[in-house]
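Only one structure is covered here, and it is reproduced in the block below.
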Amino acid sequence: MNATSLPHRIMNHAAVLPEGALLFPATLLHLGNRAAVDQALSRLARSGRLLRICQGIYALPVETRFGQRSPSVEKVLASLSELWGETIVPSGGASANALGLTTQMQVHPVYLTSGASRTLRFGRQVVRLHHAPRWQLAAPNRFAGAAIRALVWLGPQAVEENLEAIRRTVPASDFDELGNARHRMPEWITKPLNAMLAHG
């Protein structure tokens, strides 16, 4: 790669960014015009030097002593959340697994978003974003939010037994946090939750 070429300058720019940072034309126009930047990004992705996450958005693979790997999904999603102005959280299935309510693992990671449904690619790994209503996106990165999403995934018939399981396995302060988030939930969750809290 020519040291003065646009692809080389893009790679130099990418090399100083933190893991999970995004590369897209609007951030690279100081290096060349839009058409040239688009073409350079496309070529870099085809050669494997960049990963094409979705239409027009790229990320730099991470070099390790064991070879190249994709950047952290969580870090890229945090960057996308900021770029798009969307809430992005783990799906109900992933939340249920994290809370010990299921041992099922998803073949392709799924996240919920306040934006449009999309498919992202991290090399060979596919990550799906599914649009969800606002109440299911409550309390991102907090226990209450994970519990809400897990209960939605498990379904109305399983709410009571899984509320009991959650109560037995998490600190009381975490369960209180779920109670404090009741106003965001549908009745089929709040009714058994209220009954449980009323009985101490």
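The values are calculated or read from the model by the stated rules, or taken from the named source; none is laboratory data. All values derive from a computational prediction rather than experimental measurement. Glycine also receives a Cβ, built like all others from the backbone with ideal geometry; neighbour counts cover every protein chain displayed. Just the protein is used for accessible areas: all its heavy atoms, side chains included, with ligands, DNA and RNA removed. Shrake-Rupley method; radii C 1.70, N 1.55, O 1.52, S 1.80 Å.
Please report the equivalent ellipsoid semi-axes of the range 67-163, computed as sqrt(5 x eigenvalue) of the Cα gyration tensor, largest first, in whole Å. Could you put the intermediate results ahead of the total?
Working: eigenvalues 113, 51, 25 Å².
Each semi-axis is √(5λ); the values are 24, 16, 11 Å.
Give, rounded to the nearest 20 debye, the magnitude of the charge dipole that the range 81-200 has about its Cα centre when Lys and Arg contribute +1 at Cβ and Asp and Glu contribute -1 at Cβ. Working shown, then result.
Working: 12 positive and 9 negative charges, 83 e Å.
About 400 debye.
Of Cys54, Val110, Gln136, which is farthest along the charge dipole of the range 49-157 in the positive direction, counting Lys and Arg as +1 and Asp and Glu as -1 at C-beta?
After comparing all options, I get Cys54.
Have a look at Ile88, Ile189, Ile148 and tell me which one the Gaussian network model of the chain (Cα, springs below 10 Å) gives the largest fluctuation.
Highest fluctuation among the options: Ile189.
I need the calculated FRET efficiency for the pair Ala158 and Val107, taking r as the beta carbon distance and R₀ as 25 Å, to the nearest 0.05. Don't skip to the end; give the middle numbers.
On the way: r = 22 Å, r/R0 = 0.88.
With R0 = 25 Å, the Cβ-Cβ based efficiency is 0.70.
Which order, highest average first, do 77-83, 31-37, 155-161 follow once you tally other Cβ atoms within 10 Å for each residue and take the mean per peptide?
Listed from highest to lowest mean packing, they are 77-83, 31-37, 155-161.
If you add up the charges near Leu112, with Lys and Arg at +1 and Asp and Glu at -1, over every other residue whose beta carbon is less than 11 angstrom from its beta carbon, what do you get?
+2
At 0.36 nm per residue, and after removing the present C-alpha to C-alpha distance, how many nm does the segment from Val73 to Ala195 gain when stretched out fully?
This chain segment gains 40.1 nm when fully extended.
By the gyration tensor of its Cα atoms, with a ≥ b ≥ c the square roots of the eigenvalues, what is the shape of the range 144-200: rounded for a/c under 1.5, prolate for a/b over b/c, or oblate?
Since a/c stays below 1.5, the shape of the range 144-200 is classed as rounded.
Over all alpha-carbon pairs in the chain, figure out the percentage whose distance exceeds 21 Å.
58 percent
Roughly how much of Arg69 is accessible, in Å² to the nearest 10, using a 1.4 Å probe?
Approximately 100 Å² of Arg69 is accessible to the 1.4 Å probe.
To the nearest 20 debye, what charge dipole does the chain have about its Cα centre, counting +1 at the Cβ of each Lys and Arg and -1 at the Cβ of each Asp and Glu?
Using Cβ point charges on Lys, Arg, Asp and Glu, the chain gives about 820 debye.
Tell me, what % of the accessible area of the chain is carbon and sulfur with a 1.4 angstrom probe?
50 percent
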